[in-house]
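The next block holds one structure in the form of structure tokens; read it before the comments.
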Amino acid sequence: MLKNLDPVLSADLLWVLAAMGHGDDLALVDANHPAETIAGSTTSGRLIRLPGLTMERAARAILSVLPIDDFEPDPLRRMEAVGDAASIPQVQRAVQAEIDLALGRPVPLSGIARFAFYEAARRAFAVVQVGDPRPYGCFLLRKGVIAGEPG
């Protein structure tokens, strides 16, 4: 355990988040997602598993340390429900609330069709799979920067 770090942030997850660069995507996916298959195609080739957590709990921990890109118009994306792209499933509403809280303002999730999501996830830096079984709990989070002076 480390002080001031959410205990959900395992060593493997912290490595992935720290190793990502500005503009890299993290695929945060539910228990139904073909995560093992897709993770092998990512930059890191890693699948980080967070069993037993809800999607919003995992999102809260990740967003506590991951800066979100504010140079791009759609840094946060969600998988659209097949046949009903406009609907926002409960799991997505819960994660949206965590995003808004972490960023201190509303930053809406943009929708992306299921198979386009799979392709985008393959181009991500890594995949984090949560044990949450609710469908359409799949997100792409684009890493931003923390600017400052050296030293």
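Structural remarks
- Qualifying residue in segment 114-122 (condition: in contact with a strand residue (DSSP E or B) (Cβ under 8 Å, 6 or more places away or on another chain), of a type outside the set (Phe, Trp, Tyr) and within 22 Å of Leu14 (Cβ to Cβ)): yes
- Subset of segment 98-151 (residues that are on the phi > 0 side of the Ramachandran plot and in a helix (DSSP H, G or I)): none
- Test: residue in segment 68-80 that is among the basic types (Lys, Arg) and more than 10 Å from the chain's Cα centre (by Cα): no
- Restricting segment 53-92 to residues that are of a type outside the set (A, V, I, L, M, F, W, C), touching an Asp or Glu at 6+ places or on another chain (Cβ under 9 Å) and open to solvent by 30 Å² or more (accessible area, probe 1.4 Å), the residue that is nearest to Asp30 (Cα to Cα): Thr54
- Qualifying residue in segment 34-41 (condition: of a type in the set (A, V, I, L, M, F, W, C) and open to solvent by 50 Å² or more (accessible area, probe 1.4 Å)): no
- Members of segment 111-122 that are open to solvent by 30 Å² or more (accessible area, probe 1.4 Å) and of a type in the set (Gly, Ala, Ser): Gly111, Ala113, Ala116
- Test: residue in segment 8-15 that is in contact (Cβ under 8 Å) with a residue 24 or more places away in the chain and within 24 Å of Tyr118 (Cβ to Cβ): yes
The values are calculated or read from the model by the stated rules, or taken from the named source; none is laboratory data. Because the structure is predicted, anything quoted here is derived from the model rather than measured. Here the Cβ is made from the backbone with ideal geometry for all residues, glycine too, and neighbour counts use every protein chain on show. Ligands, DNA and RNA are excluded from the accessible area calculation, which covers all protein heavy atoms including side chains. Shrake-Rupley method; radii C 1.70, N 1.55, O 1.52, S 1.80 Å.
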